[in-house]
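Peer 1: Structure in structure tokens, see below.
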Amino acid sequence: MTRIVIFAKAPVPGQVKTRLIPALGEEGAAALAHRMLLDTCREALAAAVGPVELCLSGSFSDVPQGVEVTDQGEGDLGERLARAAQRLIGQGEAAIFIGTDCPQLDADRLKRACSELERHDAVIHPTFDGGYALLGLNRHDASVFSGIEWSTPSVGADTIARIAALDWSLHVGDTLLDVDEPEDLEAAGLDAQAGRKASATPFMQ
């Protein structure tokens, strides 16, 4: 069984999407984060590959029905991801970890990632900024997450290198767009004023 795990912060003004605050303001950035979190939950549920878990930092009450909520706990992002991976893989599940920043991770892409994870030890979707939008694992080793310089352009490459060092099979999927900077809003087809999806998304494939 494969579980989709959404890692997210509660959409609190001033604490989320901080790099978008110059374009949207604190309230606008939080509203966009709220909508993207809900959209991600709905796409994960629509993929219908297994349980959907929202692993949350903070408190959020607007959780769609069918989504399990857990707490990320303490530590840096690598420690929190490693803990979740150990828990899920230890109980016999494969895990697909995603955030809420990538509108291109729709149900179809999530289904394809799940299929690839049935044939590989790991699957990753890199992002144009050097990170990754999705990491799927059916094996656990803490080295995949330890010592990574998070929020830097080397995250994706370093993670791929860690997986290669373990001699695990890896499927590398499409490179996708994360919405982190003001210029990403237009590229992703998002309305910077209302935080709504525009009629066309140039990067969608």
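Peer 1: Identify the residues of region 109-127 with backbone N under 16 Å of a label point that sits 7 angstrom from the Cα of S169 along the Cα-to-Cβ direction, or state none.
Peer 2: Residues passing the 16 Å test: 113-124.
Peer 1: Could you state the angle between the C-alpha long axis of helix 21-47 and the longest principal axis of the C-alpha atoms of the chain, as a value from 0 to 90 degrees rounded to the nearest 10?
Peer 2: So the inclination is approximately 50 degrees.
Peer 1: Return the Rg/Rh value of the chain, two decimal places, where both radii are evaluated on C-alpha atoms and Rh is the Kirkwood radius. Show your work: numbers first, answer last.
Peer 2: Details: Rg = 16.0 Å, Rh = 17.1 Å.
Answer for the chain: 0.94.
Peer 1: How do E43, E116 rank by accessible surface area computed with a 1.4 Å probe, from largest to smallest? Walk me through the numbers on the way to the answer.
Peer 2: Details: E43 65, E116 40 Å².
If we order E43, E116 from most to least accessible, we get E43, E116.
Peer 1: Right, another one. How big is region 12-91 along each principal axis, measuring the range of its Cα positions in Å and listing the largest first?
Peer 2: Ordered largest first, region 12-91 gives principal extents of 43, 30, 18 Å.
Peer 1: Provide the solvent-accessible area of S146, counting protein heavy atoms only and rolling a 1.4 Å probe, rounded to the nearest 10 Å².
Peer 2: 60
Peer 1: With a 1.4 Å probe and every protein chain left in place, work out the accessible area per residue of the chain in Å², rounded to a whole number. Don't skip to the end; give the middle numbers.
Peer 2: On the way: 9520 Å² over 205 residues.
Counting only protein heavy atoms, the per-residue value for the chain is 46 Å².
Peer 1: Testing the spin-label approximation: label points 7 Å from Cα along Cα→Cβ at M1 and F128. State their distance in nm.
Peer 2: The modelled label-to-label distance comes out at 3.8 nm.
Peer 1: Taking all protein chains as present, what is the carbon and sulfur share of the accessible area of the chain, in % to the nearest whole number, probe 1.4 Å? Display every interim value, and only then the final one.
Peer 2: Numbers: 4510 of 9520 Å².
About 47 percent, which is the carbon plus sulfur part of the accessible surface.
Peer 1: Another question, then. Sort all Cα-Cα distances of region 70-177 into consecutive 10 angstrom bins from zero, then give the percent of pairs in each bin up to the one containing the longest distance.
Peer 2: Calculated P(r), rounded to whole percents: 15, 51, 33, 1.
Peer 1: Using only the Cα atoms of region 1-44, what semi-axes does the equivalent ellipsoid have when each is the square root of 5 times a gyration tensor eigenvalue? Give whole Å, largest first. Please list the in-between numbers first.
Peer 2: Values: eigenvalues 114, 18, 10 Å².
Ellipsoid semi-axes (Å, largest first): 24, 9, 7.
Peer 1: Looking at the chain, what % of its DSSP beta bridges pair antiparallel, to the nearest 5?
Peer 2: The antiparallel proportion sits near 35 percent.
Peer 1: On the full set of protein chains, 1.4 Å probe, figure out the accessible area of D62 and give it in Å² to the nearest 10.
Peer 2: Answer for D62: close to 70 Å² accessible.
The values are calculated or read from the model by the stated rules, or taken from the named source; none is laboratory data. The structure presented is a predicted model; accordingly, all values stated were derived computationally and were not measured. All Cβ positions, even for glycine, are placed from backbone atoms using ideal geometry, and neighbour counts span all protein chains on display. The accessibility values were calculated without ligands, DNA or RNA, using every heavy atom of the protein model including side chains. Shrake-Rupley method; radii C 1.70, N 1.55, O 1.52, S 1.80 Å.
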